[in-house]
Amino acid sequence: MKKSLLIAWKDFTIRLKDRKGFVTMLLTPLILTAILGFALNSVMGGEGGFAETKVGVYLSDDDEMAKAFVWDVLPTFVFVKIKESKSEEELRELLTEGKVDVGIVFPKEWSSGMNQGILKSVTLLEKPDQKTKTAVIDSLLKSYSEQIQIHAVTTLTVMKDISSSVTASTGEINMQQVASEVQLELQSISSGELRAASIGEKNVGSMQYYAAAMAVMFLLFNMTLGAKSFLQERTTETLKRLSMTPTGKVSILLGKFLGTLLFAFIQFLVFFGATSTFFKVDWGSNLYQVVTIGFCYSFAVSGLSMMIAAFVKEEKTTDVISSIGIQILAVLGGSMLPIYLFPEGLKTIASVTPNKWALTSFLDIMSGTTWSELVPAILILLSLGIVSLALGTWKLKTN
């Protein structure tokens with residue numbers, strides 16, 4: 001273990017002295033964070049949350065569920081301002097004139113089929129320059145729709161079970177009262193779930209989002225830097241000479257892993273400190289959560305680095321992974337475009353990227369979350385690092 005620590009420290013000091021690497025890994029993400037954060041401030045909202053969103057609404061009838069969404073759910077989000085229209089034509093005019101940012105047209109009897117898990121289609125009107133705001137409102141509407149369908153079906157099932165019981169058949173239970181109480185309880189749960197799932201305790205601004213996004217993207221580069229260091233030593237036969245000493249291959253790989261982990265984690269801590277100090281980015285109220293996710297993500301990236309080092313034979317391949325592969329991961333993981341703008345299929349694909357788990361965890365911490373909500377991401381990132389390191393060690397032994 002002592003030999004592995006010596007190798008780790010040697011690798012760390014080499015990277016620390018590399019001025020070009022310092023600029024790429026530390027200054028570049030800070031500059032990009034500043035540019036993207038300030039540039040998209042008016043679209044995504046400042047540090048206080050999302051930009052004010054004026055939502056125009058047209059209700060075709062007095063559908064109770066539609067009215068509940070408009071007058072009970074939407075007002076709970078401070079960035080939403082509601083303006084009701086008397087017709088769909090009037091709503092389109094308001095949108096054209098710029099008096100509203102997003103338009104929602106509810107059809108007649110919108111929720112009439114919710115007991116069967118079916119809701120009629122809602123028309124969402126958007127302006128070309130307000131796609132982000134439209135996506136946020138669309139997300140809220142989808143979440144609400146899913147909740148009321150689930151609760152309607154649940155209520156129906158409960159009522160069927162009660163009505164088929166012996167007690168119900170004797171008329172000792174007021175079925176209407178039971179149905180009303182069940183529905184009220186489910187609606188109460190639904191409201192809390194919708195708010196928690198959609199936004200969190202606090203809103204996340206553009207500077208916060210891109211601080212987290214740039215942190216996870218540039219930590220990914222350690223994945224190829226660690227592998228490249230290993231391959232360079234193999235090319236110069238430094239690795240061969242080192243393996244002829246009492247230092248085993250496993251100790252060498254572990255040392256490289258620890259060196260990459262140390263550099264990646266310190267890179268994150270420096271970035272975290274710089275964005276907090278110079279850009280006043282609020283990373284959340286729980287520093288321990290931020291540091292834990294930062295370490296787990298650094299661990300996963302370092303493990304992937306050693307797996308690449310063991311399976312890849314040429315440095316050119318790592319250059320391709322660095323220039324193209326990491327950019328693809330960055331796009332899928334939400335570093336370029338907010339994840340909530342992704343179509344559902346792409347969101348599923350994004351779940352296989354480690355940076356997506358790190359980014360969403362940081363955003364959850366910023367908006368206020370509990371340790372239990374972070375456990376899945378922590379376990380996934382640590383498992384990815386362990387499995388990758390194990391595969392790299394196995395491959396190196398077979399060479």
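The values are calculated or read from the model by the stated rules, or taken from the named source; none is laboratory data. Remember, predicted model here, so these are calculated numbers, not experimental data. A quick note on method: Cβ atoms are made from the backbone with ideal geometry, for glycine too, and the neighbour counts reach across all protein chains shown. Accessible surface is based on the protein model in full, side chains and every heavy atom, while ligands, DNA and RNA are left aside. Shrake-Rupley method; radii C 1.70, N 1.55, O 1.52, S 1.80 Å.
Summary table below
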quantity	calculated
Separation of the residue 93 and residue 331 label points, Cα + 7 Å toward Cβ, nm	4.3 nm
Most to least packed among 384-391, 306-313, 100-107, 347-354 [average Cβ atoms within 10 Å]	100-107, 306-313, 384-391, 347-354
Heavy-atom surface of segment 294-399, accessible at 1.4 Å and reported per residue (Å²)	44 Å²
Of 316/356; 3/280; 142/356, pairs whose Cα-Cα distance is over 32 Å	3/280
Apportionment of accessible area to carbon and sulfur, segment 323-380, percent (1.4 Å)	74 percent
Whole-Hz couplings from phi, Karplus 6.51/-1.76/1.60, listed for segment 6-20; x for Gly and Pro	5, 5, 4, 5, 4, 5, 4, 5, 5, 5, 5, 7, 7, 5, 4
Long-range amide H partners of residue 57 with built H, under 5 Å	83, 84, 85, 104
Ranking by accessible area, most exposed first, for 398, 369, 318 with a 1.4 Å probe	398, 369, 318
In Hz, Karplus ³J(HN,Hα) per residue of segment 70-85 (6.51, -1.76, 1.60; θ = phi - 60°; x = Gly, Pro)	6, 9, 10, 8, 4, x, 6, 9, 5, 7, 9, 10, 9, 9, 8, 10
Cα→Cβ-extended label distance, 7 Å offset, between residue 16 and residue 108, nm	7.4 nm
Cα-projected label distance for residue 150 with residue 379, points at 7 Å along beta-carbon direction, nm	1.9 nm
